[in-house]
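S.K.: Got a structure for you, questions after.
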């Protein structure tokens, strides 16, 4: 995603192209992205500005705030630390609050508390910031004192690649053996933005199959279709359709569809009436429940203003499934966010998520006994974490629950910052067991634990060191033999393409084979691409130590390509790949190896090979992109090898 974004930085706003990479232009573009609620774009624009003026504190604060909003916690924390370490740190009191929020939302409650207390003592603190700091301080104290488990014991697991992707998956709901959910990974048809914006679609999954979009035109290609909710009899579906208004901002409205005689959902759905779809608000996240006291169905939904929090509303449904006048659900809404309602007919209880009640940080899941329960009950760990935990729903028997979360373990769209997005998790209730008195530990040795292989300590231990490249990279569609890019830059962009490779390699395969194909791509990226990058850094560190002790060394490298192009083109491509590795050596630790390259103590000897040594098993058919580009065997051919270190 970052690669696409960087390629489009100068296309998104005309004045950027005119004035090139000027500091003011990047800041202006970041400010516009903030106005359009595009947190990732804003963060990356400010990052580009900071490359030009690293000591601009106002921009550093903007970058930190946007990184926090994008849940790039480490990047935000580092930026706030830089601000708070400045002599003029007192001029940026909001950095104190931001630092506290970073720590709270990553579960470091004891560390967060002093920052919230310090912010409340700042003379420059805004009224809004003070209210936020006071609320988060109370939450952090509550969480620090109450880090206990949930009332019921649950085992939580990530649903994996059959459901989740690096984009956001959310809004799970189960009916029988089918899981319905929403996924924000589809390109908006006809979008003129660069990169094109994404839209959500409703998918379904049964058993171990991969999730598929609902068919027969239920999902739109020009808008988000999400938050699928079924009536008790399964004949009506309520859902959200959201359209972009500016940038990443959307406005959502609620729709209803009736299942046809052929058990299909119609292409055309009914927009719910004005009392529910109130103008000026996003109306979203529907859930249907049956009130056993009133003996009627209820429609819960979330109403969100353009700025500020979100509240949960409820309407009675008539015999046709149409809602009456909505009313705010009493006893749960706060000045903060209450959202993602789900009603358990069996328990007569409303589940929802909030960051306005005492909690562990982010959005936590709560339970309210319907209709007149006391305070909402916090579900505790492991269902809740310091991250966002929401869209909670249970199966009919109550033994399993599904929810969305951005907790650690979720796939990252922005791997460089470990940020974005939400994935779906399954929680299985552990069966009650008879509690017996504790017995002393048996006098038996624990089973041996396999030790991790030791890290290499000699340069020869790394050989051959294989470094992998994306197709036709670096700098595609050229016959140049050199590049200004470093291998570190190219491999970071390559790693972000993992899911695109997995999808392309699995496309058109039956479910079992598709999962196997995706796993093969995942193993290649984690076990070879990422591992090669890590080993290169270790190699450079040992290399520098050897040179500093006076050794004279020569490194021999070979370049390889997959056999898709002509030999002369591949020869130039392999040379560019070696050039990027040379650039990586020159840039290592701000040029620490450069003096040794310049005085001849370190020599890099290049031996490009083009495709002449590519495996005969690898496809060279240009029209067979699946096997000639995305197949792991083809990807393994696109590499540079460090083969020998000669003294």
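S.K.: Which one of the conditions (1) crowded, with 16+ Cβ neighbours inside 10 Å; (2) within 30 Å of residue 245 (Cβ to Cβ) does residue 116 fail to meet, given that it meets all the rest?
M.R.: (2)
S.K.: Test residue 516 against the stated conditions and say whether it is closer than 28 Å to residue 624 by Cα and in contact with a strand residue (DSSP E or B) (Cβ under 7 Å, 6 or more places away or on another chain).
M.R.: Considered against the rule, which asks whether it is closer than 28 Å to residue 624 by Cα and in contact with a strand residue (DSSP E or B) (Cβ under 7 Å, 6 or more places away or on another chain), residue 516 comes out as no.
S.K.: Evaluate the range 533-543: report whether one residue or more is closer than 23 Å to residue 623 by Cβ, touching a helix residue (DSSP H, G or I) at 6+ places or on another chain (Cβ under 6 Å) and assigned by TED's automatic domain parsing to the domain that holds residue 484.
M.R.: Within the range 533-543 (the criterion being closer than 23 Å to residue 623 by Cβ, touching a helix residue (DSSP H, G or I) at 6+ places or on another chain (Cβ under 6 Å) and assigned by TED's automatic domain parsing to the domain that holds residue 484), the answer is no, since none of the residues qualifies.
S.K.: How many residues are assigned to a loop (DSSP other than H, G, I, E, B), surrounded by fewer than 21 Cβ atoms within 10 Å (Cβ to Cβ) and without any contact (Cβ under 8 Å) to a residue 60 or more places away in the chain when one looks only at the range 364-387?
M.R.: 4
S.K.: Could you go through the range 530-550 and let me know if any residue there is closer than 16 Å to residue 629 by Cα, in contact with a strand residue (DSSP E or B) (Cβ under 8 Å, 6 or more places away or on another chain) and at pLDDT 90 or above.
M.R.: no
S.K.: Hey, can you tell me all the residues within the range 538-569 that are part of a helix (DSSP H, G or I), within 35 Å of the chain's Cα centre (by Cα) and surrounded by 14 or more Cβ atoms within 10 Å (Cβ to Cβ)?
M.R.: Hits for the range 538-569 are 538, 539, 540, 542.
S.K.: Name the residue, out of 80, 71, 45, that is surrounded by 15 or more Cβ atoms within 10 Å (Cβ to Cβ), in contact (Cβ under 8 Å) with a residue 12 or more places away in the chain and either touching a strand residue (DSSP E or B) at 6+ places or on another chain (Cβ under 8 Å) or part of a loop (DSSP other than H, G, I, E, B) (or both).
M.R.: Just a single option satisfies the conditions, and that option is 71.
S.K.: Quick check on residue 210: is it touching a helix residue (DSSP H, G or I) at 6+ places or on another chain (Cβ under 7 Å), in the same structural domain as residue 168 (by TED's automatic domain parsing) and assigned to a loop (DSSP other than H, G, I, E, B)?
M.R.: Here the answer is yes, as residue 210 does meet what is asked.
S.K.: Only residues that are in a loop (DSSP other than H, G, I, E, B) and under 14 Å from residue 242 (Cα atoms): list them for the range 279-296, please.
M.R.: 279, 280 - these are the residues of the range 279-296 that are in a loop (DSSP other than H, G, I, E, B) and under 14 Å from residue 242 (Cα atoms).
S.K.: Now a separate question. Mind telling me which of the residues 267, 243, 253 ends up being buried (at least 18 other Cβ atoms within 10 Å of the Cβ) and either out of contact with any helix residue (DSSP H, G or I) (no Cβ under 9 Å at 6 or more places or on another chain) or part of a strand (DSSP E or B) (or both)?
M.R.: One residue alone meets the criteria, 253.
The values are calculated or read from the model by the stated rules, or taken from the named source; none is laboratory data. All values reported here derive from a predicted model rather than from experimental measurement. Positions of Cβ are backbone-derived with ideal geometry, glycine not excepted, and every protein chain shown enters the neighbour counts.
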